[in-house]
Amino acid sequence: MKKLIIGTRNPKKREELVKLLEGLPLDIRSIEDYPGLPEVEEDGKTFRENAVKKAATIARLAGELVMGEDSGLEVDALNGVPGVRSARYAGEKATYEENNRKRLKAMEGTPLERRTARFCCTLALANPEGLLFVVEGQCEGFVSQEPKGEHGFGYDPVFYLPDYGKTFAELGPTVKNQISHRAQALKKFRERLKQFI
Ligand code: ITT
């Protein structure tokens, strides 16, 4: 079976991706199975640039097929911030809690109808020779007034989905994996992948 390395060091993202790749005839590997690989610096201006860089760099160094993933939250009232800087919004080593606190503070006094936001996910597939394809997925919602729920990670406790009346962190993994930005991107990824396996 062909190997596919999931090119993320975020264990929560990896868990979701592994679940969403279930059933494909692939030997799924983690980047942690290749201890010599360096950290890929995320200096792109777009999710696409970062996802492509992660996939292509790791594929070249590991000599395998690699999925690169870059994702984040775009908040309209903050002109799309934190976007590609989602993991580092409140500082280079910021915790999820610090990022969420900074976000809620920045939006204090903003009414719900102006708290629109979307989660974005870009997935790139590369082999050692270079990039094969890129796909994207988005999930629209609102930034809630306060964090709620225990599931998931990152901005899940502040991402509110009006159709469900709950945040991603309240909804839990089964529903999140049906509707999330990552799920949308993975649907397209599965289609495109067929050509290569
Ligand atoms: P890798 O670069 O190793 O993949 P990372 O966590 O640094 O790990 P990103 O640069 O893509 O990954 O940052 C994504 C950040 O966006 C992540 O740390 C969360 O803060 C946020 N994020 C992305 N997807 C999310 C999701 O499904 N739920 C909650 N927060 C999410």
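Taking H placed 1.01 Å from N in the peptide plane, check which residues at least 5 places from residue 81 or on another chain put their amide H under 5 Å from its amide H.
75
Please report, to one decimal in angstroms, the Kirkwood hydrodynamic radius of segment 103-161 built from all distinct Cα-Cα pairs.
When all Cα pairs of segment 103-161 are included, the Kirkwood radius is 13.6 Å.
Given the options 169, 117, 87, identify the residue whose Cα lies farthest towards the positive end of the charge dipole of the chain (+1 on Cβ of Lys, Arg; -1 on Cβ of Asp, Glu).
So the residue we want is 117.
Going by how many other beta carbons lie within 10 Å of each one, how would you line up 189, 142, 153, fewest first? Mind showing how you got there, number by number?
On the way: 189 25, 142 20, 153 15.
Going from sparsest to densest Cβ surroundings: 153, 142, 189.
Which loop trypsin sites (Lys or Arg not before Pro) in segment 6-50, with loop taken from DSSP, have no more than 12 other Cβ atoms within 10 angstrom of their Cβ?
Counting only loop positions with at most 12 other Cβ atoms within 10 Å, the trypsin sites (Lys or Arg not before Pro) in segment 6-50 are 45.
Pull out the extension gain between residue 9 and residue 112, defined as 0.36 nm times the separation in residues minus the alpha carbon to alpha carbon distance; nm, one decimal. Can you show the working numbers first?
Details: separation 103, 0.36 × 103 = 37.08 nm, distance 3.35 nm.
Taking residue 9 through residue 112 to full extension adds about 33.7 nm, to one decimal.
So who's got an amide H within less than 5 Å of the one on residue 132, skipping anything under 5 residues away but keeping other chains? H placed 1.01 Å off N, in plane.
For residue 132, the qualifying residues are 125, 126, 127.
Dipole size in debye (nearest 20) for segment 1-126 around its Cα centre, Lys and Arg Cβ +1, Asp and Glu Cβ -1?
Dipole about the Cα centre, nearest 20: 180 debye.
Taking 22 Å as R0, compute the FRET efficiency from the Cβ-Cβ separation of residue 133 and residue 32 and round it to 0.05.
Efficiency at R0 = 22 Å is approximately 0.30.
Classify segment 5-50 as rounded, prolate or oblate from the Cα gyration tensor: take a ≥ b ≥ c as the square roots of its eigenvalues, call it rounded if a/c is under 1.5, otherwise prolate when a/b beats b/c and oblate if not.
Oblate is the answer for segment 5-50, as a/c is 1.5 or above yet b/c matches or exceeds a/b.
Return 28, 58 ranked ascending by Cβ neighbour count within 10 Å, so the fewest neighbours appear first.
28, 58
Taking loop as defined by DSSP and a crowding limit of 10 other beta carbons within 10 Å, which GluC sites (Glu not before Pro) in segment 97-170 fit?
108, 129, 150
Are there trypsin sites (Lys or Arg not before Pro) in segment 109-174 that DSSP marks as loop and that have at most 16 other Cβ atoms within 10 Å, and which are they?
Filter output for segment 109-174: 148.
Filter 12/176; 13/148; 53/166; 13/93 down to the pairs with a C-alpha to C-alpha distance above 24 Å, please.
53/166
If we count other beta carbons within 10 Å of each Cβ, what is the order of 30, 144, fewest first?
Lowest count first: 30, 144.
I need the per residue convex hull volume for the chain, using only the alpha carbons, in cubic angstrom as a whole number. List each step's numbers first, then the result.
Numbers: hull volume 21.7 nm³, N = 197.
Given the Cα convex hull of the chain, per-residue volume reads 110 Å³.
Values in this text are rule-based calculations from the coordinates and carry no lab data. Bear in mind that the values here come from a model prediction, so they are computed numbers and not experimental data. All Cβ positions, glycine included, derive from the backbone under ideal geometry; neighbour counts span all protein chains shown.
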